[in-house]
Structures are given as structure tokens and as C-alpha cells.
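First comes the structure, then the notes that go with it.
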Amino acid sequence: MTIDNTISNAASGTILASGSGAQVQLDNATISGGKLQTSGSKAVIDALGGTTDVFSGGTVTSGSLVEINDGSTLSLSQRIEDIPLSSSSRSLPLNDSM
């Protein structure tokens, strides 16, 4: 699934990549509220290269994998705990504005 728009979730809304190799791709997405979650081997929330994405006012579920590709920016504005972040670049372009 690719998200390339603005999504406003209630507190109970979930964006889920579920299953082996499942992906939710962020393509200049703005997501407010709810939670991001992955479940399954190599399931990932993927900020596509060259995009600017925002996730605010929600939760990234502990143990979920978030991948940030070359040239992309993912701005997070919530508490981040025990979340494996990966990047195909040498530095992680993560703006943590907790």
C-alpha cells in the first residue's frame, strides 16, 4: 500500500503492514493520530526516497520497523521507544521533535 495524501486518524486508527515482507510506503504522506505498526518477518513502514513525510500525534508500536530511504525525511512528533529505524544512507535523516 502507498500513502501519498493526508490521513487523520482517531486515537484507535492503525496503519498496519502485516505479513511476511509486507510494506506500507510513505510518499509525501502526512499522518496525524493513530498508530503505525508492522507485524511479520521483514514487514516495514517505508519512507520512499526523495519524499518528505510527517507522522504526528500518534504512536509507532514498539517492535515495528520503520525504514527511511536515501533522500527522504520522516518527521516524528511523539515519543519513540524501542523502534528499529533503518536507512540505506550513512546518516539517518530523522527529525525527532518530541
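Every number in this text was worked out from the coordinates using simple rules, so none of it is lab data. Because the structure is a prediction, the values reported are computed rather than measured. Note that each Cβ is placed from the backbone with ideal geometry, even for glycine, and that neighbours are counted across all protein chains shown.
Which whole-number percent is the relative contact order of segment 1-72 (Cα, under 8 Å, 6+ apart)?
31
Which value, in debye to the nearest 20, describes the size of the charge dipole of segment 2-78 about its Cα centre when Lys and Arg Cβ atoms bear +1, Asp and Glu Cβ atoms bear -1, and nothing else is charged?
Computed about the Cα centre, the dipole is about 280 debye.
Arrange the peptides 12-20, 40-48, 56-64 so that the one whose residues have, on average, the most other Cβ atoms within 10 Å appears first.
Highest to lowest by the protection proxy: 40-48, 56-64, 12-20.
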